[in-house]
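In what follows, a structure is listed as structure tokens, so that the remarks can point back to it.
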Amino acid sequence: MTNTWPLARGTVPEREAFAFGATTIFVLFAGDAVPNTLTWVGAGILWALVAAWGITILVRAKPPLVRSPWPLWAFLAWCMLSVVWSHWRFATISSLTVQVICAAVAFTIASTLTWRRILDALSLALRWVLLLSILFEAVVAVFVRHPIAPIWTDYGDADIPDAFYFSRAELFTGGRIQGLPGNANLLAMVALLVAIVVVLQLAEGRMRRQRATGWLVVAALGFVLTRSSTVIAAALVVAVVALVAVWMRRVPTERRTPRYLLLALGALVVAVAAFVLRGPVSELLGKGSDATGRGEIWAKVLGLIDQHAVVGWGWIGYWWPGIPTLADLAHRKGVTYLQAHDAYLDVWMQTGIIGLVLFLLYVVTTLSRSWACATRIGYDAALRPRTFDPVSLLPLLVVVALLVQSVAESRLLYQGNWVLFALIAIKTRIVLTGEEPTSTGDGPRTPPAKREFRWATTR
């Protein structure tokens with residue numbers, strides 16, 4: 001049955017909960033591969049089936065709602081209230097329906113899986129997304145040898161921007177591959193998340209060294225083939241945060257004040273340097289002084305914010321192409337961009353300063369609890385300090401990666417990033433990693449060479 005803590009009021013088979021978690025993460029992070037291969041109708045049916053499965057698990061598990069992050073629900077409630085003044089009311093209602101369902105799915109996973117099983121589910125799903133992405137690009141490059149469009153399109157002989165293609169067949173031409181997500185930046189983030197979870201599984205003893213090394217090579221290959229400057233920055237920040245968290249944990253809580261002061265000073269210096277050198281740094285990362293057109297998009301979004309700064313235009317999440325106010329806002333090289341390319345500007349534009357404050361509270365409290373997971377020293381029943389568990393770094397490293405990406409992409413507001421961030425927000429509110437008792441299935445997996453002995457004892 002479910003191993004979560006505190007225990008849900010109902011019961012759900014642990015294998016089903018794990019299968020649902022892995023399936024959901026795979027479907028969401030596969031991105032454009034779902035509609036590009038199944039058409040939007042088929043994709044809608046698949047998403048609805050996954051959501052229905054999650055709702056049935058939620059109903060059977062009956063987890064208590066009281067131990068969940070109120071800033072998340074407050075932000076969603078404000079988004080719902082924005083229906084009253086929304087300039088695109090039908091889109092607001094439709095988007096909110098999906099947003100709430102995704103939050104419920106995240107609540108389901110967080111309430112039915114322990115931290116280690118969440119780590120396993122993330123690893124399984126994201127590794128398959130990355131591997132299939134590389135294999136897909138290899139098939140297109142070797143056998144098809146020309147760009148391919150989504151199955152539901154027929155561009156004929158028209159001159160189509162590269163961004164419209166499912167794959168541009170650039171695996172062997174030096175271009176950036178897009179994989180299943182249909183976007184190089186999103187695939188790069190998948191590669192970074194794979195590297196994080198595989199390293200933690202290796203440190204936990206949940207994956208053999210040879211297997212982990214192989215997956216890290218695949219992650220590095222995906223990282224190189226996508227060449228996302230945003231994710232390069234995210235990887236650097238994640239590495240630094242991991243080192244700082246381990247460094248902080250090495251001393252007792254009562255002796256950490258000098259280290260926190262030093263950390264605050266270092267963060268201030270880095271922030272000032274990043275602001276002063278933002279132009280050269282952007283050029284170095286290949287974004288140009290305008291961050292690949294983002295500066296122009298941000299300026300136009302700020303123009304919309306000026307018109308409705310307090311309550312916003314109304315929630316919409318991912319911009320609908322049929323809304324002229326948004327569809328005509330950001331054009332670049334024949335492509336219409338349907339996001340602000342900054343999650344916080346997007347929230348401000350859609351829900352006003354009130355919604356932005358609630359969203360920032362949601363982000364900061366989640367980051368704070370994730371930091372506590374990584375640095376707080378847990379104690380057992382005999383009040384003895386518990387040994388360091390590498391899984392305690394999972395919430396912090398994933399949250400940091402998503403937050404860095406959210407500065408240049410709005411993905412934190414929808415699809416896989418929204419569900420993953422909400423999952424961590426809810427799970428850290430239910431129980432911190434260092435305070436969760438070990439459960440059945442949480443230990444290192446039995447090596448294949450010893451499985452015969454395990455089976456023999458159960459006969």
Using the Cα atoms as the points, what is the convex hull volume per residue of the chain in Å³?
-> 170 Å³
Rank-order 320-328, 169-177 by packing density, defined as the average count of other C-beta atoms within 10 Å over each peptide's residues, highest first.
-> 169-177, 320-328
In degrees, nearest 10, range 0 to 90: what is the angle between the Cα axis of helix 294-307 and the longest Cα principal axis of the chain?
-> 80 degrees
Count charges around Met349 for me, please; just the other residues with Cβ under 14 Å from its Cβ, Lys/Arg as +1, Asp/Glu as -1.
-> -2
Relative contact order (percent) for the chain, with alpha-carbon contacts under 8 angstrom and 6 or more residues of separation?
-> 22 percent
Provide the packing ranking of 46-59, 251-264, i.e. peptides ordered by the mean count of other C-beta atoms within 10 Å per residue, highest first.
-> 46-59, 251-264
The chain - accessible surface per residue (Å², probe 1.4 Å) | 47 Å²
Of the accessible area of the chain, with the probe set at 1.4 angstrom, what percent is carbon plus sulfur?
-> 68 percent
Span per principal axis, largest first, for the Cα atoms of the stretch 151-245 (Å) = 53, 26, 24
Under Karplus coefficients 6.51, -1.76 and 1.60, residue-wise ³J(HN,Hα) of the stretch 160-174 in Hz, glycine/proline x | 9, x, 4, 5, 7, 7, 5, 9, 9, 6, 10, 4, 10, 10, x
Amide H to amide H, which residues 5 or more places from Ser167 or on other chains are under 5 Å from it, using H placed in the peptide plane?
-> Ile148
So what's the angle, to the nearest 10 degrees on a 0 to 90 scale, between helix 257-276 and the longest Cα principal axis of the chain?
-> 20 degrees
Could you go through the stretch 139-153 in sequence order and give the Karplus-derived ³J(HN,Hα) for each residue, using 6.51 cos²θ - 1.76 cosθ + 1.60 with θ = phi - 60°, rounded to whole Hz, and x for Gly and Pro?
-> 4, 5, 6, 8, 9, 7, 6, 7, x, 10, 9, x, 5, 8, 10
The set of residues whose placed amide H lies less than 5 Å from the amide H of Val12, leaving out same-chain residues fewer than 5 positions away, is Thr2
Which peptide among 354-363, 84-93, 423-432 comes first, and what is the full order, when sorted by highest mean count of other Cβ atoms within 10 Å?
-> 423-432, 354-363, 84-93
Could you tell me the distance between the Cα centroids of the stretch 315-363 and the stretch 245-278, to the nearest Å?
-> 32 Å
Can you tell me the 0 to 90 degree angle between the C-alpha axis of helix 33-61 and the longest principal axis of the chain, rounded to 10?
-> 40 degrees
As a check on your grasp of the helix formula, calculate [θ] at 222 nm for the chain: sum -39500 (n - 2.57) over DSSP H runs of n ≥ 4, divide by the residue count, round to the nearest 500.
-> -20500 deg cm²/dmol
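The values are calculated or read from the model by the stated rules, or taken from the named source; none is laboratory data. On a predicted model such as this, the values are computed, not experimentally measured, just so you know. Note that each Cβ is placed from the backbone with ideal geometry, even for glycine, and that neighbours are counted across all protein chains shown. For accessibility, only protein heavy atoms count, side chains too; no ligands or nucleic acids. Shrake-Rupley method; radii C 1.70, N 1.55, O 1.52, S 1.80 Å.
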